[in-house]
1. Note the listed values (1) 66, 55, 42; (2) 132, 106, 72; (3) 69, 58, 49, then indicate which one is Cα extents along the principal axes in Å calculated from this particular structure.
2. Using the structure shown, select from Lys312/Lys393; Lys22/Lys53; Lys331/Lys393; Lys82/Lys312; Lys113/Lys186 the pairs with a Cα to Cα distance greater than 20 angstrom.
3. Could you sort Tyr212, Tyr68, Tyr137 by accessible area so the largest value comes first, with the probe set to 1.4 Å?
4. Can you work out the FRET efficiency for the pair Glu313 and Ser185, with r the C-beta to C-beta distance and R0 = 45 Å, to the nearest 0.05?
5. What is the sum of charges around Lys334, taking Lys and Arg as +1, Asp and Glu as -1, for the other residues whose C-beta is under 10 Å from the C-beta of Lys334?
6. Cα axis of helix 365-377 to longest principal axis of the chain: angle in degrees, 0 to 90, nearest 10?
7. What list of ³J(HN,Hα) values in whole Hz, one per residue of the stretch 216-230 in order, does the Karplus curve 6.51 cos²θ - 1.76 cosθ + 1.60 (θ = phi - 60°) give from phi, with Gly and Pro shown as x?
8. For the chain, give the magnitude of the charge dipole about the Cα centre (Cβ charges: +1 Lys/Arg, -1 Asp/Glu; no others), in debye to the nearest 20.
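The values are calculated or read from the model by the stated rules, or taken from the named source; none is laboratory data. Model, not experiment: these values are computed from the prediction. Don't worry about glycine lacking a Cβ; one is built from the backbone with ideal geometry, like all the others, and counts go over all protein chains shown. SASA here: full protein model, heavy atoms, side chains in, ligands and nucleic acids out. Shrake-Rupley method; radii C 1.70, N 1.55, O 1.52, S 1.80 Å.
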Amino acid sequence: MCDFSSCKLFFSNDPVKIIKAKGQYMYDENGRQYLDCINNVAHVGHCHPDIVKAAHEQNQLLNTNSRYLHDNLVDYAERLSKTLPEKLCTFYFLNSGSEANDLALRLARQYTKHEDVIVLDHAYHGHLTSLIDISPYKFRNLEGQKEWVHVAPVPDTYRGLYREDHEDSSTAYANEVKNIIEQASKRGRKIAAFFVESLPSVGGQIIPPAGYFQKVAEHVHKAGGVFIADEIQVGFGRVGKHFWAFQLQGDFIPDIVTMGKPIGNGHPIACVATTKEIAEAFGATGVEYFNTFGGNPVSCAIGLAVLDVIEKEHLQAHATEVGNFLMKLLKEQKIKHPIIGDVRGSGLFIGVDLIKDQAERTPATAEAEHLVTRLKEEYILLSTDGPGRNVLKFKPPMCFSMEDAKFVVDTIDKLLTGSTDQNYLIEGCCWTALKTVLSLFFRSAKTKPRWWILNI
């Protein structure tokens with residue numbers, strides 16, 4: 001029998017079998033509709049007809065590697081270039097975000113001739129060996145931190161080192177990076193890159209303070225390194241105000257930008273954008289870079305269709321409008337329910353930080369898990385992130401509507417309303433834990449449980 005212990009399903013104690021999806025909705029084998037609040041891969045909506053059509057039409061004509069000339073590749077690079085600062089003018093196409101981040105690491109090392117990388121605590125940048133090494137979220141549970149990896153504190157102004165009452169949190173957090181560079185230099189280490197998600201996602205849906213990137217980049221460039229912005233989770237208009245999340249920082253341009261997930265609306269495509277100088281240094285090795293399926297005609301046709309839909313359906317403006325409305329509703333719940341410690345976000349990238357107490361801001365991990373489980377029973381798919389797994393994360397398809405936002409928040413309010421939020425959720429967590437234990441017992445004993453007893 002196969003061992004799938006290294007793989008994980010959503011709601012593993014009571015998994016959902018999804019057989020189709022459309023827009024922001026998913027449907028199980030019994031035809032029940034679920035509201036998808038977390039699938040940022042289906043960026044413009046599940047099975048969008050324009051995306052399906054573009055893939056089908058190009059598949060009927062040609063799909064081959066990029067060693068041949070094809071208009072789709074050039075057209076797509078030109079379209080992407082119009083969304084980015086002029087300096088980022090060279091594009092490499094790949095198949096996944098992990099591939100993109102691995103290539104970004106290679107580009108940085110070849111250009112700087114340095115090895116070391118600075119990342120944020122609890123960061124996750126992909127599943128390749130090279131990326132596990134720079135992902136504290138993963139390597140802390142595996143072989144540990146490599147000598148060439150340096151971990152900076154997350155610029156979290158809610159529960160981090162420097163909080164909302166600090167007079168200049170962006171400088172304080174940037175100085176932490178400066179100190180890391182200085183300490184590394186004393187040991188003879190040289191920095192190749194500062195590698196960061198433009199908005200840390202696995203780290204807890206964090207919005208770095210304005211000016212942080214500029215100040216960090218100044219320290220990194222002075223040390224001979226480059227700044228890599230990982231936009232795999234948050235790019236393509238999700239943040240509403242801007243097309244790219246790094247633009248929330250103001251007048252700032254990274255040296256390398258990586259893209260994935262939403263770029264193909266579920267089709268495997270990714271991209272690295274960088275400067276001419278970095279690309280030329282990479283080419284100077286004399287070793288060609290080739291990716292069999294990267295930039296193939298079908299992938300580029302789909303990428304173009306995604307950009308068309310974002311523009312045609314005004315999804316960036318829509319993300320601002322719906323995101324602001326959702327944030328407003330959630331902040332109203334924060335006043336009503338003390339378990340909600342913080343609501344933060346931009347556009348349709350939002351985090352709700354659940355806490356056990358206002359003073360210590362202790363993560364309400366079990367309570368968050370129980371709430372997500374109960375929401376699933378109300379046909380709402382939501383998940384958690386953050387070091388304490390206590391932050392509700394909202395990253396829905398961009399067609400997510402005002403009505404959807406109100407439905408989710410009304411349901412959260414209903415579930416939290418009781419004698420007290422904490423008592424309700426603690427009791428619920430205990431009940432959920434009991435069901436889990438009994439479920440595992442019956443599964444291991446190969447005995448069919450009397451589920452009517454567990455569902456009272």
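1. Entry (3).
2. Lys312/Lys393
3. Numbers: Tyr212 0, Tyr68 145, Tyr137 70 Å².
Listed by decreasing accessible area, they come as Tyr68, Tyr137, Tyr212.
4. Working: r = 49 Å, r/R0 = 1.10.
My answer for the efficiency is 0.35.
5. Working: positive: Lys331, Lys336; negative: Glu332, Asp342, Asp353.
Neighbour charge sum, excluding Lys334 itself: -1.
6. 80
7. With the stated coefficients, the stretch 216-230 comes to 5, 4, 4, 5, 5, 5, 4, 8, x, x, 10, 9, 10, 9, 8 Hz.
8. Details: 49 positive and 55 negative charges, 194 e Å.
Dipole of the chain, to the nearest 20 debye: 940 debye.
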